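The values are calculated or read from the model by the stated rules, or taken from the named source; none is laboratory data. This is a predicted model, so every value here is computed, not measured. Virtual Cβ from ideal backbone geometry, glycine too; neighbours counted across all protein chains shown. Remember, those area values only see protein heavy atoms, side chains included, never the ligands or the DNA or RNA. Shrake-Rupley method; radii C 1.70, N 1.55, O 1.52, S 1.80 Å.
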Amino acid sequence: LFFRNFFTKRTKELKPAVQSAPGWKLFGKVPPRENLPKDSKIIQQEYEARTGRMYKPPPPSARRKNIEFEPLSTTALILEDRPANLPAKSVEEALRHRQEYDEMVAEAKKREIKEAHKRKKIMRERFKQEDNIASAMVIWVNEILPNWEGIVRGKVWSLAVGNELNITPELYEIFLSRAKERWKSFSETSSENDAEDAGASVADREASLELIKLDISRTFPSLYIFQKGGPYHDLLHSVLGAYTCYRPDVGYVQGMSFIAAVLILNLEEADAFIAFANLLNKPCQLAFFRVDHSMMLKYFAAFEVFFEENLPKLFLHFKSYSLTPDIYLIDWIFTLYSKSLPLDLACRVWDVFCRDGEEFLFRTGLGILRLYEDILLQMDFIHIAQFLTKLPEDITSEKLFSCIAAIQMQNSNKKWAQVFASLMKDNKEGDKNHSPALKS
């Protein structure tokens with residue numbers, strides 16, 4: 001009873017003291033505050049009257065703008081106002097806290113950037129040291145490219161393709177103006193020259209601006225952005241028209257519009273043209289777009305070497321029907337798979353193609369054949385040709401790249417480049433043996 005009465009009595013005595021003395025105290029007694037905490041506007045007015053300077057608080061949007069580099073939540077409390085039962089911050093203290101907070105954010109941002117660079121360095125080292133090509137491909141496609149901060153996919157392609165032709169944006173404008181002059185004269189004289197065009201060569205017809213107009217409307221028709229009136233119609237027309245003026249020896253060939261369209265979706269106009277011209281100047285693309293039959297046959301022969309090595313059953317099945325690679329491979333190479341595969345998957349193929357070069361184009365073709373090997377073995381010539389011309393739309397990146405990774409680009413300890421070089425050498429020696437000078 002004694003203790004219960006004692007604590008009860010003390011509690012009753014303390015209650016009014018707490019109510020009558022709001023505020024904080026550390027040691028001893030503090031007289032109760034007569035006034036409530038001042039409003040922030042009143043403090044600002046007093047500060048301006050005392051110092052004669054206008055206080056400009058930071059905009060609310062700048063307070064926690066970049067969540068990615070936000071410090072820990074406890075650190076961010078430095079910006080919060082004190083509770084109502086505590087003395088309000090002075091303006092000088094608020095400014096000091098703002099400065100301290102900004103320094104914390106800057107330091108956190110530096111640490112985050114440093115850690116990001118460290119992560120990318122580790123991924124690159126993993127990629128370089130990876131002996132298994134399947135694992136290396138997964139690292140490149142799924143880890144390095146998606147985390148390539150500050151550089152978009154198109155920029156990576158542009159850097160990988162290079163600019164050996166030394167094309168400048170100014171040069172693009174020159175050839176674009178020439179193309180516009182040709183469009184103007186073509187529209188004025190098209191009706192008069194209909195009879196003369198009937199006897200034109202195939203190359204002239206392919207290079208005609210009318211064919212470019214037709215192909216633009218057929219480029220990614222499901223996207224509608226390249227159709228007449230779409231946002232990228234004139235842009236694609238400009239890039240293709242400028243190229244026909246830049247390379248009249250190549251002209252325009254069906255399939256070019258898909259390559260140019262993919263680049264336009266990832267790069268600015270002039271940069272897309274520069275990458276387009278340099279990409280088509282690569283040996284493989286130049287051989288196909290110039291319809292160099294001798295070189296194309298060498299590529300087909302090299303493809304069949306690795307076809308037989310990796311998929312012997314399907315290779316013999318194709319042989320039994322005399323189904324040659326040109327029936328399905330030309331369309332794949334012409335468009336770099338952008339017409340045959342879903343656009344997002346085609347871009348993944350481009351990612352590795354820009355890294356590995358022409359070998360990966362033929363490896364991708366073998367990966368597609370491996371993916372559908374069981375189905376193709378049950379088909380005849382007509383159905384195989386139809387199937388490979390229009391591949392299923394439900395093809396996924398994981399399935400395709402796992403099949404590509406399973407393809408071994410090595411035959412009798414020779415890699416793709418060595419096999420192709422030996423075919424080129426045999427061809428040159430054959431030409432020498434059959435030359436008229438040697439026979440005489």
Residue match in segment 288-308 (condition: basic (Lys, Arg) and under 30 Å from the mean Cα position of the chain (by Cα)) = yes
If we ask which residues in segment 154-184 are surrounded by 14 or more Cβ atoms within 10 Å (Cβ to Cβ) and of a type in the set (S, T, N, Q), their number turns out to be 2
Within segment 298-333, track down each residue that is among the aromatic types (Phe, Trp, Tyr) and open to solvent by less than 30 Å² (accessible area, probe 1.4 Å).
-> TYR299, PHE300, PHE303, PHE306, PHE307, PHE315, PHE318, TYR328, TRP332
Criterion: of a type outside the set (Asp, Glu) and surrounded by fewer than 20 Cβ atoms within 10 Å (Cβ to Cβ) - qualifying residue of ALA287, ALA277, ALA260 = ALA287
Taking LEU316 and the conditions (1) in a helix (DSSP H, G or I); (2) under 24 Å from the mean Cα position of the chain (by Cα); (3) not hydroxyl-bearing (Ser, Thr, Tyr), which numbered condition does it fall short on, given that it satisfies the others?
-> (2)
Yes or no: ASP374 acidic (Asp, Glu), open to solvent by 60 Å² or more (accessible area, probe 1.4 Å) and at pLDDT 90 or above?
-> yes
What are the pairs, 6+ residues apart or on separate chains, where a residue within segment 280-296 that is assigned to a loop (DSSP other than H, G, I, E, B) has its Cβ under 8 Å from a residue that is open to solvent by 60 Å² or more (accessible area, probe 1.4 Å) and of a type outside the set (A, V, I, L, M, F, W, C)?
-> ASN281/GLU164; ARG290/ASP249
